[in-house]
Structures are given as structure tokens and as C-alpha cells.
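A quick write-up on the structure given underneath.
The values are calculated or read from the model by the stated rules, or taken from the named source; none is laboratory data. Keep in mind it's a predicted model, so treat the numbers as computed, not measured. Virtual Cβ from ideal backbone geometry, glycine too; neighbours counted across all protein chains shown. In case anyone asks, the SASA skips ligands and DNA or RNA and just uses the protein heavy atoms, side chains included. Shrake-Rupley method; radii C 1.70, N 1.55, O 1.52, S 1.80 Å.
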Amino acid sequence: MNSILLIDDDFELGELLQEYLSMEGFQLTAVQDGETGLTEALSGTYNLILLDVMLPKLNGFEVLRKLRAESNVPVIMLTARGESVDRVLGLEHGADDYIPKPYHHHELVARIKALFRRIELSSDVTPQASSELHVGDIALNPTTRTARLDGVELQITGAEFGVLQCLMEHVGELVDKDTLSIAALGRPLMAYDRSIDMHVSNLRKKLGKRDDDSDWIKTVRSRGYLLVNV
């Protein structure tokens, strides 16, 4: 059974989600403050974290920042509806996905199942598909889920890894955002959803510039992205 940690100070919401998610085959543990949530998240016993932004002791962004220094466990941020800045900040700090509150429980379950689908697909690697991918100084290993630049391991999230792997598999080709979203988040992109744009932006920062001072990832406006061939 997939184990989920909810970090949210709404006690009643935690009880409702525990009951609802158990019927969907998930085991949910709920904690109500950021400090306790961070400790639990770093325990290594959870497959996915649901993280609210507004929390006592440590806010959601601080929890995420500290968590990402040690763990790449998938994180879905719970953000206030209309607060697009919270979504951007969450993705910049390393969240895999976000869902605005209030939300329907079936929508949350759909996001959770999508991320678990991505995790299952990435772990189901055939020997043929497990060979390393190389583009210039970038090397990516699908089996160990690691990427290196000039031999130095890149600290990237699971969603960023999915984007990079998809782009490397289609190096020099345009990849649309829906394809990247399925690779990174296990779901098609939704209207006004900037998740993939932010994951690509984070990857650009971590990859730095090529030898000619250009970006590794090129934007094709309104269409998608491509990884520049060497």
C-alpha cells in the first residue's frame, strides 16, 4: 500500500482525507505543523508528501527547501486558489506538482495516482532501456535515476528527471508540453498550468550554459521545448 504524508494544520481535513484515501487504497498519515512534518518526511517511510503552504512553526516553502536538501520524495503542494505566486514558488523550491484549495477529493486522488503512475513507469525499466543516455556533457541513467553534468551528479527532482529524460530521448526534436507533462507528472497538462515551464526553468538553471553560452534547452513558443544537439 502506498504511504502518503499530509502536512496540513486543518485537522478535520486530515481525518476526511484519511478515510477517503483509504478507500482508494492509500495509507495516509496526517501531521499539523511544519517541524513535525519535516521530521516525518525525512524518515523515508512515505512514498509521497502532500504539503500545505500555510503551516505553524515552519511554512510549506521552508519545509520543502529543507526536505529537498536531503530527499527527492515526490511532493504535491496544496496552494490557495488564485495564489499563482504560491504555485510558482512551490515549483521553484522543488515541488513536483500542485493543486489549489479548495479541491474536490477526486481531483486530488487523480493527481496522486498520476504521480504514482510516473513513479511506477520509471521503476519499470527494461535492460535495453536502462542504458545511459548521453548528450554532450550530460549523462542520464534511467536505472539509478541519476543525471550528471561533466561527471558531477545533478541534484534534480523526480519531475525534473522525467523532463530531462524525455528531452534526451528526443534530442534535437521538438517535444510538446503534454508529452513532457506525462513523462514528469504522469498526467496531461491542464489549462493555465505552468508546471512544465517551471520544471524546465529549474533544469536550465541546474544545467547552466553550453560552451557557446547558449542554453541546453530551447523554447519553441506555444509549442514546447527541445534539447539542443551537440
Identify the residue in region 65-119 that is surrounded by fewer than 20 Cβ atoms within 10 Å (Cβ to Cβ) and of a type in the set (S, T, N, Q) and, among all such residues, is modelled with the highest pLDDT. Ser71
Go through region 1-19 and report how many residues are more than 19 Å from Tyr98 (Cα to Cα) and either more than 23 Å from the chain's Cα centre (by Cα) or open to solvent by less than 20 Å² (accessible area, probe 1.4 Å) (or both). 5
Could you check how many residues of region 209-225 are in a strand (DSSP E or B) and not basic (Lys, Arg)? 6
Give region 34-54 a look and list any residue that's open to solvent by 20 Å² or more (accessible area, probe 1.4 Å), farther than 16 Å from Ser3 by Cα and modelled with pLDDT under 95, or say none. Met54
Residue hits (region 177-230; of a type in the set (Ser, Thr, Tyr), out of contact with any Leu (no Cβ under 9 Å at 6 or more places or on another chain) and open to solvent by 40 Å² or more (accessible area, probe 1.4 Å)) are Thr179, Tyr192, Ser222
Does region 142-195 hold any residues that are among the charged types (D, E, K, R) and either touching a Phe, Trp or Tyr at 6+ places or on another chain (Cβ under 8 Å) or farther than 15 Å from Arg223 by Cα (or both), and which are they? Arg145, Arg148, Asp150, Glu153, Glu160, Glu169, Lys177, Arg187
